[in-house]
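The values are calculated or read from the model by the stated rules, or taken from the named source; none is laboratory data. This is a predicted model, so every value here is computed, not measured. Note that each Cβ is placed from the backbone with ideal geometry, even for glycine, and that neighbours are counted across all protein chains shown.
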Amino acid sequence: MKFFVDTADTKEIAELAATGLLDGVTTNPSLIAKSGRRIQEVIAEICAVVPGPVSAEVAATDYDGMIREARVLRAIAHNVTVKLPLTPAGLRACRTLTDEGVMTNVTLCFSAGQALLAAKAGATFVSPFVGRLDDIGHDGMALIGDIVAIYRNYPALRTEVLVASVRGPLHVIAAARLGAHVATLPPAVLRSLYQHPLTDKGLAGFLADWAKTGQTIA
Ligand code: E4P
């Protein structure tokens, strides 16, 4: 399973990139707004430290505007993935960009039918938002299971399922169990995957015993 990080905080991204565990980054207009910086500057900085796909979202809602913005975003770096909303115009733009060899991420997916459309439009990634579905009492992870199963029935569909709106480590484990290709994680969720009290306790015990030996490994 590939791990992307879902943030526009470049300091955080640089730290996580150094772990060697990061396969890509996703941003959205809200995350860029939170950064308080220009999108071109933020995306360029991220692409300089993460060689994998870096999603940058268009703000236009019409086809021509999306294509115009996609060209601006793609000019920033070769690994920019153009993020498009799951609307008729977004899917039309997705088809155009895919045919030009541009990576695309179709976002705001909340149903299996929408995911089928994204795959037929040639999306590189489709982003179902599990947390936002859970928030309204739906089963976000059931949607991931449906999409993964449906895509498996049609090997010609190359779209990868990118689990988005992840709220905690259990979402990550459930998505991996279902065979989702990618999960995009808030930094805190990625860090939480390291944690287990028995790891901390075990390490403390080993170090205490090691100190008694007076040895050094050199
Ligand atoms: C995905 O690409 C989105 O940026 C993100 O996962 C949305 O998450 P949220 O529901 O926590 O805002």
Practice task
Would you mind telling me which numbered condition in (1) farther than 21 Å from A175 by Cβ; (2) out of contact with any strand residue (DSSP E or B) (no Cβ under 9 Å at 6 or more places or on another chain); (3) of a type in the set (G, A, S) A93 fails?
Solution key: (2)
Problem - Single condition Y151 does not satisfy, out of (1) within 14 Å of the ligand (Cβ to nearest atom); (2) touching a helix residue (DSSP H, G or I) at 6+ places or on another chain (Cβ under 8 Å) - result: (1)
Problem - Hits in region 1-26 (condition: within 12 Å of the ligand (Cβ to nearest atom) and under 16 Å from H78 (Cα atoms)) - result: G24, V25, T26
Practice task
Taking A8 as the residue in question, decide whether it is over 12 Å from N105 (Cβ atoms), among the small types (G, A, S), surrounded by fewer than 19 Cβ atoms within 10 Å (Cβ to Cβ) and at pLDDT 95 or above.
Solution key: no
Problem - Candidates L185, L157, L190, L117 - the one that is within 13 Å of the ligand (Cβ to nearest atom) and closer than 23 Å to P85 by Cα - result: L185
Problem - Of residues in region 32-57 being within 13 Å of the ligand (Cβ to nearest atom) and closer than 25 Å to R92 by Cβ, the one surrounded by the fewest Cβ atoms within 10 Å (Cβ to Cβ) - result: I32
Handout entry: Filter result (part of a helix (DSSP H, G or I) and either acidic (D, E) or over 28 Å from V49 (Cβ atoms) (or both)) within region 91-113
Key = L91, R92, R95, T96, D99, A112, G113
Problem - Flag for T98 being within 15 Å of the ligand (Cβ to nearest atom), crowded, with 18+ Cβ neighbours inside 10 Å and either more than 23 Å from I32 (Cβ to Cβ) or not charged (D, E, K, R) (or both) - result: no
Problem - Residues being near the ligand (Cβ under 10 Å from one of its atoms) and without any contact (Cβ under 8 Å) to a residue 60 or more places away in the chain - total across region 123-133 - result: 6
Problem - Condition met for L116 (touching a helix residue (DSSP H, G or I) at 6+ places or on another chain (Cβ under 7 Å), free of Cβ contacts under 8 Å to residues at least 60 places away in the same chain and not in a loop (DSSP other than H, G, I, E, B)) - result: yes
Handout entry: Boolean, A89 is among the small types (G, A, S), touching a Cys at 6+ places or on another chain (Cβ under 7 Å), touching a residue at least 12 places away in the same chain (Cβ under 8 Å) and surrounded by fewer than 22 Cβ atoms within 10 Å (Cβ to Cβ)
Key = no
